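For reference, the structure discussed in these notes is given below.
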Amino acid sequence: MCGIVGYVGNKEAFPVLIKGLYRMEYRGYDSAGVAIVKENEINIHKCHGRVSDLEEFCKDKDVTGTCGIAHTRWATHGEPNDQNAHPHFSSDKKIALIHNGIIENHLTLKVALEKNGYIFNSETDTEVLIHLIEDVKKNENLPLAEAVRVALSQVVGTYGIIVVSSDEPDTLIVAKKGSPVIIGFGKNEYYVASDGAALIEYTNKVVYLNDEEIAVLTPGNDLQVKTIKNKKVSHYAEKLQLSLEELEKGGYPHFMLKEIYEQPRSIADSMRGRLNLKKDVVSLGGIVEYEDRLLNARRIVIVACGTSYHAGLVGEHLFEDLLRIPVEVEYASEFRYRNPVIYEDDVVIAISQSGETADTLAAIELSKKKGATVLGICNVVGSSIARATDAGSYTHAGPEIGVASTKAFTAQVTVLALMALCLADKKKKIPKKQYVRMVEALEKIPDQVKQILQSDEKVKEIASYIKDHTNALYLGRNYNYPVALEGALKLKEISYIHAEGYPAAEMKHGPIALIDENMPVIVIAVNSATYEKVVSNIQEVKARKGKIISIVTEGDKDVAALSDYVIEIPKTEELFTPILTSIPLQLLAYHAAVMCGRDVDRPRNLAKSVTVE
Ligand code: F6R
């Protein structure tokens with residue numbers, strides 16, 4: 001949430017900063033702004049709206065200079081307007097700052113600063129930082145980096161900040177706690193950003209700043225890093241694992257559609273090197289050392305948010321079915337505050353696409369404190385969650401730019417399936433014949449996804465029916481109940497059509513009251529242990545004139561006969577059906593949103609990478 005970017009070197013900073021903002025716009029798009037240091041003064045330009053609005057706004061402004069910072073905002077404190085846009089200025093106009101995170105004690109700090117005569121021009125929590133730094137600098141007569149360090153020691157909350165000063169026109173000061181900051185090395189130049197997408201065009205040599213560290217970046221000087229407690233730290237550059245091509249739309253109208261269509265490849269990438277069909281072996285290198293802990297775990301606790309939570313719910317079925325180890329799945333945001341019982345022989349698995357979700361990170365810290373082993377399933381290599389966990393497996397889905405998560409979900413479920421299969425085999429929980437059948441079924445999934453994508457035209461037809469409705473109900477059971485939740489989430493977040501996911505049999509305990517001829521009911525009715533039960537649930541909807549859109553296994557006649565619209569998926573093991581059934585629901589949400597005229601990749605009020613709680 002919120003993207004920060006900085007540049008200092010021998011190039012003009014503005015084009016680098018604007019490009020960086022475009023690449024990080026999915027982190028927030030309420031307002032954007034830039035500050036460029038030029039000849040011992042700072043020019044700030046900022047406005048409400050998108051990065052393109054900022055670019056337009058800057059057309060007749062002076063944006064020259066080789067040192068600058070820029071920000072794209074997802075509003076937390078204060079509505080999205082020009083005043084609340086970053087960067088923020090010190091009262092003497094000599095220091096400017098951008099921030100990603102939340103300053104929790106901003107009200108207390110503000111009262112003290114107002115007493116000292118500082119005037120606040122915005123409603124943001126961030127503005128206290130700039131006045132606090134200015135105050136410390138003046139009162140204690142400190143160089144800027146020291147003033148930033150001392151000021152941050154008074155701050156409660158999370159931050160990724162970049163500070164520039166007209167007194168030190170070739171220096172960026174960067175600090176991090178709880179919000180990601182990556183420093184990139186060029187030739188006599190430094191880049192900084194919230195994520196690698198803004199840097200990869202220029203460099204793949206990076207350092208990930210750790211929490212409570214502050215860095216001073218001056219071209220010609222080595223990187224200097226200290227902790228907030230004033231201890232020197234050494235960092236070694238790492239290779240940024242990202243390619244520019246992955247960050248482009250590649251001819252698709254939206255990143256979301258591109259990412260839906262990438263799934264045959266992204267699922268195959270999640271399996272690559274882990275599924276060896278010839279030897280019928282499943283192995284996950286990242287967790288080998290922790291296999292015994294998993295096999296002997298008293299319990300597996302999965303923590304995640306949003307779509308990743310839904311993948312976790314599928315994981316619960318997979319682990320309990322195949323391993324017979326009890327599993328609990330929790331929203332990370334609830335888990336962290338409810339004083340949960342965590343045993344030392346629990347294994348906690350944190351699932352996150354971005355690897356930066358604040359609540360999931362906090363749940364990890366809590367679990368570690370209580371002595372549990374914590375594993376991660378992350379997409380972004382080198383992300384905070386990947387580094388905070390004891391070990392883990394990357395999903396290898398490639399960058400997900402569309403705000404609505406699609407390929408990350410199917411990759412997460414794939415990795416969970418691999419994990420469950422690998423451990424079940426080691427624990428001798430399933431007969432070899434069944435294991436081999438499952439390995440073979442899993443291997444076919446990428447091609448089956450390709451086949452499902454061919455039903456896109458049919459899904460479009462259903463979307464043109466859905467788009468005129470204000471509500472929709474998604475029903476599923478067992479493995480496909482999480483898919484019903486995920487399908488409903490996709491529809492509501494990008495089309496703004498209200499949708500709810502329900503376990504199909506729960507419908508008669510309340511939601512059935514909603515059903516009439518105006519209620520589209522999307523039912524996942526694929527071959528499964530509960531198929532007959534789902535057919536009965538469909539009859540119940542039908543009897544109340546609800547419109548049935550069903551997802552069935554190819555060749556199904558019974559459900560098809562009861563349905564207004566039908567989408568078929570190829571046959572697979574019940575365990576893996578969520579990977580297939582989620583695909584048409586992603587397409588349905590996508591097309592409905594496009595038909596409703598929504599900004600699919602940047603839905604209102606949302607942002608990717610939720611780094612604030
Ligand atoms: C929904 C969506 C969100 C994320 C959630 C967790 O389409 O994208 O619900 O799934 O914010 O994000 P990660 O997986 O990055 O922790």
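Only the coordinates and a few stated rules stand behind these numbers; no lab work does. All of these numbers come straight from a predicted model, not from anything done at the bench. In this analysis, Cβ positions are derived from the backbone assuming ideal geometry, glycine residues included, and neighbour counts consider all displayed protein chains.
Details
- Across the chain, the mean sequence separation of Cα contacts (distance under 8 Å, 6 or more residues apart), normalised by length, yields a relative contact order of 12 percent.
- Adding -39500 (n - 2.57) for every DSSP H run of four residues or longer, then dividing by how many residues the chain holds, sets the calculated 222 nm ellipticity at -10500 deg cm²/dmol.
- The protection proxy used here, the mean number of other Cβ atoms lying within 10 Å of each residue, ranks peptides 395-404, 436-445 as follows, highest first: 395-404, 436-445.
- Global geometry of the range 457-568, whether rounded, prolate or oblate, following the gyration tensor of its Cα atoms and the 1.5 cut on a/c: rounded
- The ranking of Cys67, Cys305, Cys378 from fewest to most other beta carbons within 10 Å of each one's beta carbon is Cys305, Cys67, Cys378.
- Full extension of the chain segment joining Ser122 with Glu540 gains 145.0 nm, where the gain is 0.36 nm per residue of separation less the Cα-Cα distance.
- Net charge in the neighbourhood of Glu613 (other residues with Cβ under 9 Å of its Cβ; Lys, Arg +1, Asp, Glu -1) is 0.
- Amide proton proximity set for Gly501, modelled H, under 5 Å, gap of 5+: Tyr474
- Protection proxy ranking, peptides 316-322, 17-23, 227-233, 475-481, average beta carbon neighbours within 10 Å, highest first: 475-481, 17-23, 316-322, 227-233
- Mean-position separation - Cα centroids, the range 251-325 and the range 143-222, in angstrom: 34 Å
- Filter on Lys258/Lys450; Lys458/Lys547; Lys61/Lys187; Lys429/Lys533 - keep pairs with C-alpha separation over 20 Å: Lys61/Lys187; Lys429/Lys533
- The phi-based Karplus calculation (6.51 cos²θ - 1.76 cosθ + 1.60; θ = phi - 60°) puts the 3J(HN,Hα) values of the range 514-525 at 7, 7, 8, 5, 9, 9, x, 10, 9, 10, 8, 10 Hz, whole numbers, x for Gly and Pro.
- Tensor-based shape of the range 3-240 (alpha-carbon gyration tensor, a/c under 1.5 rounded, otherwise prolate or oblate): rounded
- When DSSP beta bridges are restricted to pairs lying wholly in the chain, around 60% turn out antiparallel.
- The range 66-134, relative contact order in percent, only Cα pairs under 8 angstrom and at least six apart counted: 36 percent
- Charge tally for Ser383 (other residues, Cβ to Cβ under 11 Å; Lys, Arg +1; Asp, Glu -1): -1.
- The range 454-600: antiparallel DSSP beta bridges as a percent of all, rounded to 5: 0 percent
- In summary, the lysines within cross-link reach of Lys368, defined as a Cα separation below 27 angstrom excluding same-chain residues under 8 places away, comprise Lys176, Lys177, Lys226, Lys229, Lys231, Lys232, Lys426, Lys427, Lys608.
- Net charge of neighbours whose Cβ lies under 12 Å from the Cβ of Pro503, counting Lys and Arg as +1 and Asp and Glu as -1: +1
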